[in-house]
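As structure tokens, the structure follows; a few thoughts come after it.
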Amino acid sequence: MITGSDGQSRPAGSPKKPLISIKNVGLSYGNFQALTDVSVDFYQGELVGLVGDNGAGKTTLIRIISGIIPPTSGEVYFDGERIIKFHPKKAIDLGLECIQQAIGLCDNLSVGRNYFLGREPVRRILGLPFLDKKKIREASAKVVHDFGLRDSVDVDDEIALLSGGEKQTFKIARAVTFRNRVIIMDEPTNHLSVRERTRVNELAVQLKQQGLLVIYITHDIFQIHRIADRIVILENGRKVTDVPRDAMSAEALEGIIRDGSRTSTKEPKVS
Amino acid sequence: MRAAIAHLVRRHPEGGTVTLVVLISLTFAIVTGGSWLSTGNLQSLSQLTAVLAIMAFGEAIVIATGQIDISVGSVSGIGALTFLGLAPVVGSGFGLVAALLFGVLIGGINGVFVAFLGIPSLLVTLGTLFLFQGIGYAVTSGFSFAASNVVRKQFIYNGFGGGTVAGVNTGVIWALTILVVLQLAVFEMPVGNRLLAIGGDAASSFSRGVNVTRIKFGVFVVSGVLAALSGALDAAFIGYADGSFGAGMELSAIAAAVLGGCHLAGGRISLIGTLLGAFILRGIQSFLIILGVQPQWYILVVGLIVVLAGLADRTLTRLVLKR
Ligand SMILES: Nc1ncnc2c1ncn2[C@@H]1O[C@H](COP(=O)(O)OP(=O)(O)O)[C@@H](O)[C@H]1O
Ligand SMILES: [Mg+2]
């Protein structure tokens, strides 16, 4: 499916300068503190597993990174430059593609129009931008085909006609074909079959080998431990662990997550 | 068979409306013994349809993003009063520009409250509906504006609703022009793709980099300016406007859009359907007048139509989304 073609291969190691740097980030939804003083660096060419229980704040963290919400406190740097204005368009322009957990597709639009939403190819007629429908159709049809969606998928059909698994595959396909520097996958294997899960994991590794930064979010530590270079664990909005994969076994990491959720249920919730 | 119908409905949301137009036209023609199809009635019907359609196009664009604009009746009133009030003083050209600017302004106010401050559009535009109706009454305070003979001869006045070209009111030509422009913008340009996307799923559109705030603001400005234009065109046709001008028109505009296949939930609209919806409503109105029925019954009929169209809309949507 995905062929490394841009020859950007780089050894997986840690170059000195982080591509994305999160410094002391906090975020509150109203008076609920979803993230507290989170600092973490992400480097080019690495595959990072971002793990933690449901509600740990994983999705919230990547919503900040992908520009959907600004942090309440702290700083975010991309390639050394501090991000002041948070907007998804800015993140996309910087080369960051995110497969969001719950959003990303507009049910009322066709498959092709969803594929290009926000970056529609145009043909200019009298200086006015008209959708290049031929290109929309051909490019999205190619992606649908390359990623093995069923042949009866018509890219002119509303995307609501796809199944949950097909939509997820399509979201992954879109992010991957527009790949640039960073790919974030938020629980990408939801709705997918076992075979498709394996394929997504292989894909994550391939992207990393092509020199991209891949942030892979899951609550399945055993699955991510097999492929990640580094594991970051969030717990109740705080970073509790950040270790190279080889430093700890999956069982030990699982213990951290399990103990964390146990202590957190014992403690009285501060509201 | 069902799949074929589903496909047809999906690709041509205005299909049902077309059928309705044909049925209604035939019925009305037969019942009135042909007088519904007389040149005179068709001329007046086309003018009435045009001014309603222009307002309903703006409404459809707002509905496309999942919002609603119920201030359009008042805005058209302001447009009409500004045009007729200023034309004798500064000429029809400047009067028209001022009317359109008021449309931009009121639409802009709606847009700021909805898009930037996040207040529900129903609430905001209900406020501006009453506010500008009140202003309309206050400005005229029981009097009315009429176009003088000098104004009636002016080119702009005739070009914008006051005159005809080959027997067709110039407002009709504007309605068709606007239809073409909006049809291209909504269905053939990136801005239209994003507009529909917002109506389908605002959070997803935003995550793809769409500037949701700007587009939500923009649709209210478009709706405002079209409502003001509609009022000016109609005022020029009638040659007279008072404080009640445009009152209640928002209902007809929303009904036309819904009847034309625009989904109030957002994301799916038909502009051609909206034009046909306007035609149906005005057709019923003229039919009732020919029959000598009290005009109040029109409101009842519009209400019924909206409810029925809403039901049909839901049924069709279910059909479309089934595989
Ligand atoms: N929009 C929101 N408003 C209020 N609370 C939210 C919102 N989104 C998430 N939360 C809360 O923030 C916490 C972290 O959520 P999330 O980042 O989605 O966790 P995860 O992805 O790790 O499962 C949860 O307790 C969740 O209920
Ligand atoms: Mg999550």
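Does at least one position in the stretch A:93-108 carry a residue that is surrounded by fewer than 16 Cβ atoms within 10 Å (Cβ to Cβ) and away from ligand 2 (no atom under 16 Å from the Cβ)? Scanning the stretch A:93-108 turns up at least one residue that is surrounded by fewer than 16 Cβ atoms within 10 Å (Cβ to Cβ) and away from ligand 2 (no atom under 16 Å from the Cβ). Look at the stretch B:261-275: where a residue is without any contact (Cβ under 8 Å) to a residue 40 or more places away in the chain, no partner that is surrounded by fewer than 24 Cβ atoms within 10 Å (Cβ to Cβ) sits 6+ places away or on another chain with Cβ atoms under 8 Å.
Do the conditions hold for B:V191, that is, is it at pLDDT 95 or above and not in a helix (DSSP H, G or I)?
Considered against the rule, which asks whether it is at pLDDT 95 or above and not in a helix (DSSP H, G or I), B:V191 comes out as no.
On inspection, A:R258 qualifies as within 16 Å of ligand 1 (Cβ to nearest atom) and either at pLDDT 95 or above or surrounded by fewer than 18 Cβ atoms within 10 Å (Cβ to Cβ) (or both).
Tallying residues that are more than 10 Å from chain B (Cβ to nearest Cβ) and either surrounded by 15 or more Cβ atoms within 10 Å (Cβ to Cβ) or among the acidic types (D, E) (or both) within the stretch A:81-92 yields 3. Cβ separations smaller than 7 Å between residues 6+ apart or across chains give the following pairs from the stretch A:47-72 residues that are of a type in the set (A, V, I, L, M) to residues that are near ligand 2 (Cβ under 9 Å from one of its atoms) and part of a loop (DSSP other than H, G, I, E, B): A:V51/A:H219. Among the residues of the stretch A:155-183, those that are away from ligand 2 (no atom under 16 Å from the Cβ), among the charged types (D, E, K, R) and either within 14 Å of chain B (Cβ to nearest Cβ) or more than 24 Å from A:E138 (Cα to Cα) (or both) comprise A:D156, A:D157, A:E158, A:E166, A:K167, A:R174, A:R181. For the stretch B:176-189, the criterion of being in contact with a Ser or Thr (Cβ under 7 Å, 6 or more places away or on another chain), among the charged types (D, E, K, R) and either buried (at least 22 other Cβ atoms within 10 Å of the Cβ) or within 14 Å of chain A (Cβ to nearest Cβ) (or both) is satisfied by no residue at all. Checked against the criterion of being farther than 25 Å from B:G200 by Cβ, out of contact with any Cys (no Cβ under 6 Å at 6 or more places or on another chain) and in contact (Cβ under 8 Å) with a residue 12 or more places away in the chain, the stretch A:138-147 has at least one qualifying residue.
Looking at the stretch A:128-154, which of the residues that are of a type in the set (G, A, S) and more than 12 Å from chain B (Cβ to nearest Cβ) is surrounded by the fewest Cβ atoms within 10 Å (Cβ to Cβ)?
Going residue by residue through the stretch A:128-154, those that are of a type in the set (G, A, S) are A:139-141, A:148, A:152.
Restricting the remaining residues to those that are more than 12 Å from chain B (Cβ to nearest Cβ) gives A:139-141, A:148.
Working: A:A139: 17, A:S140: 24, A:A141: 17, A:G148: 13.
Here the residue is A:G148.
Can you tell me which residues in the stretch B:10-38 are outside any loop (DSSP other than H, G, I, E, B), in contact (Cβ under 8 Å) with a residue 60 or more places away in the chain and over 22 Å from B:G260 (Cβ atoms)? Result: B:V31, B:S35. Filtering A:K135, A:K85, A:K89, A:K142 for residues that are under 16 Å from the mean Cα position of the chain (by Cα) and of a type outside the set (A, V, I, L, M) leaves a single hit, A:K89. Only one of the listed residues (B:V258, B:V307, B:V301) is among the β-branched types (V, I, T), outside any loop (DSSP other than H, G, I, E, B) and touching a residue at least 24 places away in the same chain (Cβ under 8 Å). That residue is B:V258. The residues on offer are A:K58, A:K135, and the sole one that is of a type in the set (D, E, K, R) and under 30 Å from B:L184 (Cα atoms) is A:K135.
Being closer than 28 Å to A:E202 by Cα and more than 16 Å from ligand 1 (Cβ to nearest atom) holds for only one residue in A:I92, A:I99, and it is A:I92.
Count of the stretch A:25-80 residues, restricted to those that are more than 14 Å from chain B (Cβ to nearest Cβ) and away from ligand 2 (no atom under 16 Å from the Cβ), is 27.
Per the listing B:A197, B:A203, the residue uniquely surrounded by fewer than 20 Cβ atoms within 10 Å (Cβ to Cβ), within 14 Å of chain A (Cβ to nearest Cβ) and assigned to a helix (DSSP H, G or I) is B:A203.
Contact map, the stretch A:184-205: residues that are in contact (Cβ under 8 Å) with a residue 40 or more places away in the chain and within 14 Å of chain B (Cβ to nearest Cβ) paired with residues that are within 12 Å of ligand 2 (Cβ to nearest atom) and part of a helix (DSSP H, G or I), Cβ distance under 6 Å, separation 6+ or inter-chain. Pairs shown: A:I184/A:I62; A:D186/A:T59; A:D186/A:I62. Of the residues contained in the stretch B:136-146, none is found to be in a loop (DSSP other than H, G, I, E, B), at pLDDT below 95 and either within 14 Å of another protein chain (Cβ to nearest Cβ) or surrounded by 19 or more Cβ atoms within 10 Å (Cβ to Cβ) (or both).
The values are calculated or read from the model by the stated rules, or taken from the named source; none is laboratory data. A quick note: this is a predicted structure, and the numbers were derived from the prediction, not measured. Virtual Cβ from ideal backbone geometry, glycine too; neighbours counted across all protein chains shown.
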